[in-house]
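This report concerns only the one structure given below.
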C-alpha cells in the first residue's frame, strides 16, 4: 500500500508589507528606477508555501567623507572614486549593479568633521544627480546631530521617496516628522531585541507614522559575531509578521558591510595571519557568507561594500529565487 | 594635631566626638542622627546631603551636587571626612521621617481582620493563667512543680510541660508566700509548653505581645493585647541597617565583611526602640510583654537571629533555617520579659520569606477555590499564585522604586508624602499624607503620577518625557516633570526621566513575574478570580492606575483588592493563635518556589513589559480602549 505523505506546507494569514523606495518623474521624483521589497507570504524562499513577489535587493555603501578605516581589500576597488561622491555612487550602480545607494553621513559626526546640515544636503543632492537608483540616507548616529541634519536633508530630497535612518527608541520624533512632511520611508532600529523592535514601531505609529512605510533594522552581527542571535530574532519577527502581527510585518534591512569590515577575520592582512590565507579573498568571502546567512533569515535589503561580495550575494538571490541554476 | 573632633548636627542639636577622618555619615550615625542614604555610603545616591555651617571637612568632587549647592556649603555626608570641629545642618530632604503611616496600614487591614481571623480560635502563643492551687496534704504530696503542672493541664492542653531551673528555684517561695494563688505564663515552644514565669496573685489580664514586620527598608511593630486580641498601638521606623546598604545583597556582603552581629545589633536596637515607645505610651510594664513574633524576608530573619546569611546569596541560595525555632528574645538582644520568647514566621525559601507566608495566611488565598494572584510590592516584588490546592511563588527583583528609594523626590508613605495624584482639566491635583507642604512622593503617588502623565501625553509609551510640553523642564542635564513647583511654599517636587525609567523597570519586573507564573501554570488572566496587592503604600493604591502602568494584568478594577501590610496582619494572626502558626508552617511547606532567573524567557517578558502599559496591547484591552490607542494589532 502506498504511504500517504501528509501535506506539511504552511500557509500564513498575512503578507509582509510592500515597501517601494524611490520615485520616478511620474511619482514626483527624479529616479529612473524604483525598488520594491517585501510582500512575502511565506518564509524566506519557501516558494512552495506562498508567493515571494519581490526578491531581496542590495544597496551599496558610499560615504560623504572618504573612509579611513576601510582595509585595503575593500578600499582598493573604490580608491579611484572615493574623492568624488557622485563617481563613487555611479561606479557602484554602473559597474557593480547596486540596486540602491546607501549614503552614510559620517562627515556630520560632531566628533569627526562635524559637517553642517547644508553640506549633508549637498551630498545627498550629489548622489541623486549622479545615479538613477533610489537612495538610503543613514545618519551619523549622534542623535542630536541627526535631528539637526535630517530636516534639511529630508527637504532637499523631497519627493525622492528615500529610506532614512535610523529611528530608535530614544530618538524618533524628529525623523518621523521629517519623513511624514517630505514623504520618505524610515528605518526602525533596535538592538537585537524583538520587543524593542516592536516598541520602536509602536512609537513611530503613535507619532502618526504608517506601519507600512517602515523597514526594520534589527541590528546586524557579522559571521562569527553573534549572527545566530540576530538570525533568530529575524526569524521570530518574520513568523510573527506572517502570523498576523502588523507590528512585525515590515521588510528587514541588514547592514552587512559595516559589520563585516569591522571584524578581524575580514580585516587582518595576510602578514598578520598567514594561516588565514589571502586577505583579498578572505574579506569578500566573509561579507558574502554573512550576506547569504541573512538572506536565509529573511533579509529584504542588504547594505554591502565589496563588489565581489555584492556579486556573490546577487547571484545567490537569483538562485534562491529560481532565476538561475 | 588633635585626635578627636566635635561634630554638631542641627536642627537636632546633637553632637558627637569622632576621630579625625571619620565621615560625616558615620558621625551622624554615632550621634543618633538618621540621614537618608540609599547606597550605604558609596557616594552614588546623593541622598545624604548636609550643609557645612562652620568648620572644616575634606570632601571629594561629586557630580551629585550642583556648583551652586557646593558654593552654599552642601556636601555629601558619606564623602566628607572630619578634619576639625564642625557644625552641620541637616536639610529637610536628608532627614529621615520617623513616623511612618502605620496606623493607615493597620486600618486597611482592619476591615478584613475579622474575616481573616474567623477560622482561628483565640489561643495566643503565650498567655497568662491565674491558678488557685490546692495546698499539698499528706495524701497529695506531689512536688510543687508537678502540682502546678497538674493545674495548668486542667486549663490547657499541654502533654509536655517544662519549666526552667530559674523558675523552679523561685517556685516554692512564690507559691507559699501568695497563699497558692499565682499567675503562670505559659508559652508554646514547638510541641512543648514552657512555663516561663510564676507571678504572685492574679496578673492574668496583663499579657502582651508584639508583632514585627522586619522589612529591608522599614521595621513596623504592633503591640497586641494577648487577652483580648486587640491591637493597642503601632510604631514604625526605618531599618537602621540601611546605612550598610539599601538592598539585601549589599547587606549580606556587609555582614560577610563586618560580621552578622553588627546587623543583628542594629535591628535589635530598632525593635527595642519601637517596643519601648509603645510600652511607655500605653503605660504597661515591659516585663508583661511576653512574646514577639517576627515576619520578614529570609535575609532579615537571618540578620535578626544572627544566622550566617552567606549561602543565601550564592547558588543554590540556601537558608540556614527557614523555620527557626522559638528562642529567648533576650538571646538576640530584644528587651522584653527576660524569659519571653521570640517566634519567627516560617519562610518559603531563600528569596521568599516569612513575610510572604504571613501574606498568604492573612489574605487566605490558600483556602480559596479559584486561583488568586497575590503581589507583595517591596524592594523585591514577591508574587504568589494559587488556591487551596496549589501555591506557586516567585520573587522579582523590582528595586526600591515603589518604596520611594532610587527616585529623586521619592520617600516612604510617611508625613509629607504625596500619596495620590490626579490629572484633571484644572491641572494636577495631589493629596499629601498628614498636613503641611509636600516633601516627596511615595509609591502610590508615583503610580498615580506616571499613569496620569502617560494618559495626559507627557510621556510616550516608552516613558520618555515630551520636551515640548508645559511642566517638562530640564534639571541637571535631564528632562523632568514638575509635579509641585518650588514656589508653592516648599520643595520643588519633580519626576525625572531616570525616575520614570526606574519605575518602569520595577513594574516590568513585577509584571514579567506575574505573566511567567501564569504561563507556567497554564492560566490566562481571566482564570484569576482576584488580584491582591500588598505593600507599604499607606492607605491608598488606585487599581486602575496600577493597570494603566502595566504593573498588574488588565482585569476589571473591582477584581483588584489592596490589602496593605499583610506581613504584619499574618504575623498577628499567628501570634494570637497557635493554629494559625501551624497553618503558616503548612503553607510554607506547600508553596512551590519558582526561580524567575532561570526562566529562559524572563528577559523577553521583562523587556516587553517595560512599555506602557505593555508592548503587546492585546494584553491590555481595557486600557487600549480607554487610551484610544486604536485596535490592538
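The values are calculated or read from the model by the stated rules, or taken from the named source; none is laboratory data. Everything numeric here is computed off the predicted structure, so don't read it as measured data. For neighbour counting, all protein chains shown are included, and Cβ atoms are generated from backbone atoms with ideal geometry for every residue, glycine included.
Assorted remarks:
- Hey, residue B:327 surrounded by fewer than 23 Cβ atoms within 10 Å (Cβ to Cβ) and in the same structural domain as residue B:290 (by TED's automatic domain parsing) or not: yes
- Any hit, segment B:617-626, residues being free of Cβ contacts under 8 Å to residues at least 60 places away in the same chain, within 14 Å of chain A (Cβ to nearest Cβ) and out of contact with any helix residue (DSSP H, G or I) (no Cβ under 7 Å at 6 or more places or on another chain): yes
- Any strands (runs of 3 or more DSSP E) falling wholly within segment B:366-425 and containing at least 1 residues that are more than 14 Å from the chain's Cα centre (by Cα) and either more than 17 Å from residue B:595 (Cα to Cα) or in the same structural domain as residue B:441 (by TED's automatic domain parsing) (or both): B:372-377, B:417-424
- Residue B:436 being surrounded by fewer than 23 Cβ atoms within 10 Å (Cβ to Cβ) and either part of a helix (DSSP H, G or I) or within 14 Å of chain A (Cβ to nearest Cβ) (or both): no
- Evaluating residue B:590 against the criteria (1) within 14 Å of chain A (Cβ to nearest Cβ); (2) surrounded by fewer than 23 Cβ atoms within 10 Å (Cβ to Cβ); (3) at pLDDT 90 or above leaves one unmet condition, (1).
This table checks each residue for (1) under 30 Å from residue B:324 (Cβ atoms); (2) more than 14 Å from chain A (Cβ to nearest Cβ); (3) over 28 Å from the mean Cα position of the chain (by Cα).
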| site | (1), (2), (3) |
| --- | --- |
| B:548 | no, yes, no |
| B:577 | yes, yes, no |
| B:581 | yes, yes, no |
| B:613 | no, no, no |
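- For segment B:603-626, a tally of residues being in a helix (DSSP H, G or I) and crowded, with 18+ Cβ neighbours inside 10 Å returns 9.
- Lone unmet requirement of (1) modelled with pLDDT under 95; (2) out of contact with any strand residue (DSSP E or B) (no Cβ under 7 Å at 6 or more places or on another chain); (3) in the same structural domain as residue B:619 (by TED's automatic domain parsing) for residue B:486: (3)
- Annotation: residue A:269 fulfils all but one of (1) under 23 Å from residue A:188 (Cβ atoms); (2) touching a helix residue (DSSP H, G or I) at 6+ places or on another chain (Cβ under 9 Å); the unmet one is (1).
- Residue in segment B:450-494 that is farthest from the other protein chains (Cβ to nearest Cβ), counting only those that are outside any loop (DSSP other than H, G, I, E, B) and out of contact with any helix residue (DSSP H, G or I) (no Cβ under 9 Å at 6 or more places or on another chain): B:484
- Within segment B:547-578, the set of residues being farther than 30 Å from residue B:617 by Cα and touching a helix residue (DSSP H, G or I) at 6+ places or on another chain (Cβ under 6 Å) comprises B:565, B:566, B:567, B:569, B:570, B:571, B:573, B:574.
- Selected residue (criterion: modelled with the lowest pLDDT) from residues of segment A:183-210 that are assigned to a helix (DSSP H, G or I) and at the interface with chain B (Cβ under 8 Å from one of its Cβ atoms): A:206
- Scoring residue B:162 on the criteria (1) in the same structural domain as residue B:267 (by TED's automatic domain parsing); (2) part of a strand (DSSP E or B); (3) surrounded by fewer than 15 Cβ atoms within 10 Å (Cβ to Cβ) leaves a single failure, condition (1).
- Filtered by the rule that a residue be in a strand (DSSP E or B) and more than 22 Å from residue B:584 (Cβ to Cβ), segment B:197-240 gives B:197, B:198, B:199, B:200, B:232, B:233, B:235, B:236, B:237, B:238.
- The set of residues in segment A:309-325 that are in contact (Cβ under 8 Å) with a residue 60 or more places away in the chain and either in contact with a strand residue (DSSP E or B) (Cβ under 7 Å, 6 or more places away or on another chain) or over 20 Å from residue A:46 (Cα atoms) (or both) comprises A:310, A:311, A:313, A:314.
- Hey, residue A:230 more than 14 Å from chain B (Cβ to nearest Cβ), in contact (Cβ under 8 Å) with a residue 40 or more places away in the chain, assigned to a helix (DSSP H, G or I) and farther than 20 Å from residue A:144 by Cβ or not: yes
- Residue count for segment A:235-280, restricted to those that are under 21 Å from residue A:308 (Cβ atoms), in contact (Cβ under 8 Å) with a residue 60 or more places away in the chain and assigned to a helix (DSSP H, G or I): 6
- The residues on offer are B:322, B:274, B:293, B:307, and the sole one that is assigned to a helix (DSSP H, G or I) and not assigned by TED's automatic domain parsing to the domain that holds residue B:194 is B:274.
- Every listed requirement among (1) within 14 Å of chain A (Cβ to nearest Cβ); (2) free of Cβ contacts under 8 Å to residues at least 12 places away in the same chain is met by residue B:601 save one, (2).
- The set of residues from segment A:152-170 being assigned to a loop (DSSP other than H, G, I, E, B), buried (at least 20 other Cβ atoms within 10 Å of the Cβ) and away from chain B (no Cβ under 14 Å) comprises A:157, A:160, A:161, A:162.
- Among the residues examined, residue B:596 qualifies as buried (at least 16 other Cβ atoms within 10 Å of the Cβ), in contact with a helix residue (DSSP H, G or I) (Cβ under 9 Å, 6 or more places away or on another chain) and away from chain A (no Cβ under 12 Å).
- Meets criteria (modelled with pLDDT under 95 and at negative phi) for residue B:209: no
- Filter result for the condition that a residue is part of a loop (DSSP other than H, G, I, E, B) and touching a strand residue (DSSP E or B) at 6+ places or on another chain (Cβ under 8 Å), over A:176, A:133: A:133
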